[in-house]
Amino acid sequence: MKYILTLLAGLIIGGALIYFFLVGAPRANKPPGEIVTAPDAGGDPPGTVVLALDEQFFNTLLGTVFRDMGSPTFKLAGAKREAAPSASDAAAFSVVATPTTLDSFDFIKVQEGGCASQVVVAAEGSGVKTGVRLADGQIAAPLAFSGSYNTFGQCLSFRGWAQANIQLRFEQSEQTLYGQINVESVNLEGISPLFGGLVTGFVQNAINQRVNPLILMRGSQIGLQIPVQATGGTLRAQARQIRSEVKDGVLRLHITYDFQGAGGQPSQAQPPA
């Protein structure tokens, strides 16, 4: 059986993208799960659900994040963590987060004129708009940014854009779909070659290490539980495999399930004819 569940997938993966930009995720030395590959050329096996998401959904989501929540800010490697704000100071901060987000956020006072070692993702800049591009079989994410770094007693300001891609991975034992973001290149504006390599490495590591692995879908978000009232039982399904394809500006996830019934009344034997 095959379904198109665009809205459901949008809500789940949309929430994961907000988590990526505003919170980040625990670091991992080795990417979890197996790489999600393309669907079989011969077609999907029975019990497959197809979830479809287009570029417009992702970019509307990101536009809302920038408009209503501000620009995500990541501390650069080697920067000293500042103290978390008190409740009375919360209004003076450009980003307010809970203690569990401190490893991924640098708290920046709006009125503070110092040199914070940070990179700030912007809605657009350097002729690039931050967003998601679904083309050539890839999930690409151009990221505009600006930032500063305190080095040798001097404040080094920079801006530019980075080209990143997201690789999907599935861990069946955890029933979790992960995303592994990889910054491929960093393009800086008007900065001395003496510092270019240093800043490029800081920006690349700040984004790669702070957000990986992304948890896109897991547990009950992937699994199915369908009550069957006529039997008093529940039809349950776990994902056996996930395949993906990017084509014509649309990401499609092909999720194949193993089904199992639980509870309910045993079938009654039919009387002989």
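The values are calculated or read from the model by the stated rules, or taken from the named source; none is laboratory data. Every value quoted in this text rests on a predicted model; they were computed, and no experiment measured them. Virtual Cβ from ideal backbone geometry, glycine too; neighbours counted across all protein chains shown. Accessible surface areas use protein heavy atoms only, side chains included; no ligands, DNA or RNA. Shrake-Rupley method; radii C 1.70, N 1.55, O 1.52, S 1.80 Å.
A few notes on this one:
- Here GLN154 fits the description: of a type in the set (S, T, N, Q) and either open to solvent by 30 Å² or more (accessible area, probe 1.4 Å) or modelled with pLDDT of 95 or more (or both).
- Pairs, first among the basic types (Lys, Arg) in the stretch 121-142, second not in a strand (DSSP E or B), C-beta under 8 Å, six or more apart: LYS129/ALA123; ARG133/GLU55
- Pairs with Cβ under 8 Å, 6+ apart, first in the stretch 65-88 and part of a loop (DSSP other than H, G, I, E, B), second of a type in the set (Phe, Trp, Tyr) and modelled with pLDDT under 50: PRO72/PHE21; GLU82/PHE107; ALA83/PHE107; ALA84/PHE107; PRO85/PHE93; PRO85/PHE107
- Close pairs from the stretch 189-209: first touching a residue at least 12 places away in the same chain (Cβ under 8 Å), partner open to solvent by 60 Å² or more (accessible area, probe 1.4 Å) and not in a helix (DSSP H, G or I), Cβ under 7 Å, at least 6 apart: GLU189/ARG159; ASN208/ASN182; GLN209/ARG27
- Going through (1) in contact with a helix residue (DSSP H, G or I) (Cβ under 7 Å, 6 or more places away or on another chain); (2) under 20 Å from PRO31 (Cβ atoms) one by one, LEU156 falls short only on (2).
- Strands (runs of 3 or more DSSP E) wholly inside the stretch 158-255 that include at least 3 residues being open to solvent by 60 Å² or more (accessible area, probe 1.4 Å): 224-228, 233-247
- Applying the condition of being modelled with pLDDT under 80 and among the polar types (S, T, N, Q) to the stretch 186-211 and asking which residue is nearest to ALA140 (Cα to Cα) yields ASN208.
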